[in-house]
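Nothing in this text is a laboratory measurement; each read-out follows from the coordinates by a stated rule. As the structure is a computational prediction, the values presented were derived from the model and not from experiment. Backbone-built Cβ (ideal geometry, glycine too); neighbour counts: all protein chains shown.
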Amino acid sequence: MSGNIHSVLQETRTFPPAADFVRQANISGDEQYQKLWQRAKDDPAGFWGELAKEHLVWSKPFDKALEGTMPETKWFTGGKLNASVNCVDKHLTTWRKNKAAIIWEGEPGDTRVLTYQDLHREVCQFANVLKKLGVKTGDRVTLYMPMIPELAIAMLACARLGATHSIIFGGFSADAVSDRNNDAKAKVVVTADGGWRRGKEVPLKKAVDDSLAKSPTVEKVVVVRRTGSDVSMVPDRDYWWHDLMKDASSECDPVEVDSEHPLYILYTSGSTGKPKGVLHTTAGYLLGTQMTSKWVFDLKDEDTYWCTADIGWVTGHSYIVYGPLQNGATAIMYEGAPNWPDEGRFWEIIEKYKVSIFYTAPTAIRAFIKWGDHWPNKFDLSSLRLLGSVGEPINPEAWMWYHKVIGAERCPIVDTWWQTETGAIMISPLPGVTATKPGSCTKPLPGIVPDIVNEKGESLGPNQGGLLVMRQPWPSMLRTLYGDHARFKETYFGKLQGLYFAGDGARKDEDGYIWVMGRVDDVLNVAGHRLSTMEVESALVSHPKVAEAAVVGFPHDIKGEGICCFVTLKQGEGNDALKAELTAHVRKQIGALATPDSIRFAAAVPKTRSGKIMRRLLRDIAAGKEQVGDTTTLEDYAVLAKLRDTEE
């Protein structure tokens, strides 16, 4: 691991926030931001302690805001609270009890609206169901479900009892489910007969049945009827959700839990292939997601907010369920694919529900570009007032398209950097503060103290690429990897003593803006120069014929590492003339150093279900090896097979 990465991307366009947006913003103007940020840096315990007293509902006040130093930190010790109370109950004494909490649309077009009062009733009922099935405070419950309201209800019901939920994305294999059941020692699994994806049924109950042959700790299974297909139900083990809910009381006292009580485990694929169980605790996570939702999305009572992520990923945990609901927001939840029944589905949903805040991933944005402007142009998107991006760095050309075509050049874009491990957004423009630059996540939020360092932990100067670290703890950070604290310390704190190392490379420009350059594991080492894959990908995507690009290194006799580019075109087939044109384009954009050694055209590149490019697999393909490690997150195995057959 070397800390210095050559940065070659040049981006000079800036977009200041509009005066009318600044006037109404939750954080308004640079002076207010600077004051908040400095206060939080100088006195983190005082800053977060005040916010926790003001914004969280406590059944017993905390004694101390912050104890210990990284990696062994505790927040709001001595305090007791309940996450479901903070998301639901607190709104029942206000006018919001009859406000829509979740507006749900299924892929086939069926809909449901749950007010805060409805949500409270169903959460209490399902908490009583879980209790009857033997779930107690501290038990782990696996949720393996489609994007249906019952998933949010089950999460909050677990939290109401102080049970720790472990959500597994409803597209993982049976083996992935059993691995995670066993690691968490799950007692109950909540699932559905199936879910809808691109018009086809995803058979979830079947995968659960297969997983249970190897999940000895699981005692009971609850099944939501979603698709209506036949599934096998094992007596005394499997129960229908609707049968159990019929007789369940709609009153359930919330369990008071300690501030550091485990709220959830979320498994993330490790680079070695063994999934890591990231553990988040209650109070700090709630505060982090609540404040960042309010600051970054500028959430207001009249907003209709839509985060397009699946709840199976951390983005869905933090910014569909816990963050928005604590703020009393109305959140859209959509079950299916963005191109079903056609490529206009997302824009149709925005028009139908008058969505004002839209938060999606760069890979989705690049897919929208490929599908063509005529799709969004068919719909009235004038309700939008703010756009967001999450998942990986957004290349400037995709940013500009988002700004022009979706935002009509009037909506601020918040390009957010954070991770499963950080729990909440860390670095992002504030829409009423920050002049944005396409491709930069800009500046840290109050309470976040990042730095760009070399491998010795020494700070680097402007425009020097290095390792992105955090110098101060923050409330929503992970506390451990479930059952493996040694791996937690080694993974995140082992490289640089006392600093949290995120695994990403970045640079800071002369204005203090941070440009994330992708995973350090993905950095290319070409003839002694360390280059960011993201910057080469950005150069390729800036070509008018390219929709998406993924860049990896492969062993090269002379340069040490060669540059292999997998390119998806907006339309048509690739040929040698286009390879030459793209090679020349990258040289012109970045310089001779980044000249591709190999360009392969592909209909698509392999991605995780959350939309991240699986560069680990592409490296193996580029080097002529088979793929290794955990591929359970892969969206489409067929893509891999085709790529492996692509000739030079």
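How big is the Cα convex hull of region 139-208 in projection, averaged over all directions, in nm²? The partial results should precede the final answer.
On the way: hull surface 17.2 nm².
Across all orientations, region 139-208 yields a mean hull projection of 4.3 nm².
Considering only the other residues whose Cβ falls under 14 Å of the Cβ of TRP306, what net charge follows from Lys and Arg at +1 and Asp and Glu at -1?
Numbers: positive: ARG345, LYS352, LYS354, ARG385; negative: GLU105, ASP303, ASP310, GLU335, GLU348, GLU351.
That works out to -2.
Report the relative contact order of region 138-275, percent, no decimals, based on alpha-carbon pairs under 8 angstrom and at least 6 residues apart. Walk me through the numbers before you get to the answer.
Values: 231 pairs, mean separation 37.4, N = 138.
Over region 138-275, the number comes to 27 percent.
What Cys residues in the chain are without a partner cysteine, judged by a Cβ distance under 4.7 Å?
CYS87, CYS158, CYS307, CYS411, CYS441, CYS564, CYS565, each lacking another Cys Cβ under 4.7 Å.
Could you put HIS261, HIS556 in order, starting from the residue whose Cβ has the fewest other Cβ atoms within 10 Å?
Details: HIS261 20, HIS556 16.
With the fewest neighbours first, HIS261, HIS556 line up as HIS556, HIS261.
First select every other residue whose beta carbon is under 13 angstrom from the beta carbon of ILE413; then total the charges, Lys and Arg +1, Asp and Glu -1.
Working: positive: ARG13, ARG385, LYS404, ARG410, LYS437; negative: ASP298, GLU409, ASP415.
Summing Lys/Arg as +1 and Asp/Glu as -1 gives +2.
So, counting K/R as plus one and D/E as minus one, what does the shell of residues with Cβ under 11 Å around GLY372 add up to?
Working: positive: LYS370, LYS378, LYS570; negative: GLU343, ASP373.
So the environment of GLY372 carries a net charge of +1.
Just checking my list (i) 144; (ii) 240; (iii) 167 against volume of the Cα convex hull per residue in Å³ computed from this structure; which label fits?
Entry (i).
Give me the percent of DSSP beta bridges within the chain that run antiparallel, rounded to the nearest 5. Write out the running numbers ahead of the final one.
Working: 56 of 95 bridges.
So the antiparallel bridges amount to about 60 percent of the total.
Only four residue types carry charge here, +1 at the Cβ of Lys and Arg and -1 at the Cβ of Asp and Glu. Report the dipole size of the chain about the Cα centre in Debye, rounded to the nearest 20. Can you show the working numbers first?
Working: 76 positive and 82 negative charges, 112 e Å.
Roughly 540 debye, rounded to the nearest 20.
Can you give me the convex hull volume of the Cα atoms of region 89-255, divided per residue and expressed in Å³? Spell out each step's value before the answer.
Numbers: hull volume 17.7 nm³, N = 167.
Cα-based convex hull of region 89-255, divided per residue, equals 106 Å³.
Treating the beta-carbon of each Lys and Arg as +1 and of each Asp and Glu as -1, no other charges, what is the dipole magnitude of region 89-255 about its Cα centre, to the nearest 20 debye?
Numbers: 25 positive and 23 negative charges, 81 e Å.
So the dipole magnitude of region 89-255 works out to roughly 380 debye.
In region 113-142, which trypsin sites (Lys or Arg not before Pro) are in a loop and have at most 12 other Cβ atoms within 10 Å, using DSSP for the loop call?
On the way: sites: ARG121, LYS131, LYS132, LYS136, ARG140; in loops: LYS136.
Counting only loop positions with at most 12 other Cβ atoms within 10 Å, the trypsin sites (Lys or Arg not before Pro) in region 113-142 are LYS136.
Between VAL449 and ASN525, what is 0.36 nm times their sequence separation minus the Cα-Cα distance? Round to one decimal in nm.
Working: separation 76, 0.36 × 76 = 27.36 nm, distance 2.87 nm.
24.5 nm is the gain from fully extending VAL449 to ASN525.
Which of the listed residues, HIS242, LEU151, ILE103, is farthest toward the dipole's positive end in region 89-255, when Lys, Arg count +1 and Asp, Glu count -1 at the beta-carbon?
Positive-end residue among those listed: ILE103.
With a 10 Å Cβ neighbour count serving as the proxy for reagent exposure, in which order, fewest first, do CYS564, CYS87 appear?
On the way: CYS564 23, CYS87 31.
Exposure proxy ranking, most exposed first: CYS564, CYS87.
Roughly what would the spin-label model give for ASP210 and ARG587, points 7 Å off Cα along C-beta, in nm?
With each label point 7 Å from Cα toward Cβ, the separation is 4.9 nm.
Compute the length gained on full extension between GLU302 and GLU67: take 0.36 nm times their separation in residues and subtract their Cα-Cα distance, giving the result in nm to one decimal. Before the final figure, lay out the partial values.
Details: separation 235, 0.36 × 235 = 84.60 nm, distance 3.80 nm.
Answer, rounded to one decimal: 80.8 nm.
Okay, helix-only estimate at 222 nm for the chain: each DSSP H run of n ≥ 4 adds -39500 (n - 2.57), divide by all residues, round to 500 deg cm²/dmol; what do you get?
Values: 20 runs with 189 residues, N = 648.
Computed mean residue ellipticity for the chain: -8500 deg cm²/dmol.
Suppose every Lys and Arg Cβ carries +1 and every Asp and Glu Cβ carries -1, with no other charges. What dipole size does region 26-150 come out with about its Cα centre, to the nearest 20 debye? Please list the in-between numbers first.
Values: 18 positive and 17 negative charges, 119 e Å.
So the dipole magnitude of region 26-150 works out to roughly 580 debye.
I'd like to compare 168-174, 419-425: which one has the highest average count of other Cβ atoms within 10 Å, and what's the full order after that?
Highest-to-lowest ranking by the protection proxy: 419-425, 168-174.
State, to one decimal in nm, how far the label point of GLU50 lies from the label point of GLU409, with both points 7 Å from Cα in the Cβ direction.
Distance between the two pseudo-spin positions: 4.1 nm.
Kindly rank 534-540, 367-373, 262-268, 235-241 from highest to lowest mean number of other beta carbons found within 10 Å of each residue. Kindly include the intermediate steps, with their values, before the conclusion.
Working: 534-540: 27.3, 367-373: 17.1, 262-268: 24.1, 235-241: 14.1.
The peptides rank, most packed first, as 534-540, 262-268, 367-373, 235-241.
Taking 60 Å as R0, compute the FRET efficiency from the Cβ-Cβ separation of ARG225 and ASN575 and round it to 0.05.
Values: r = 51 Å, r/R0 = 0.85.
Efficiency computed from Cβ-Cβ geometry: 0.75.
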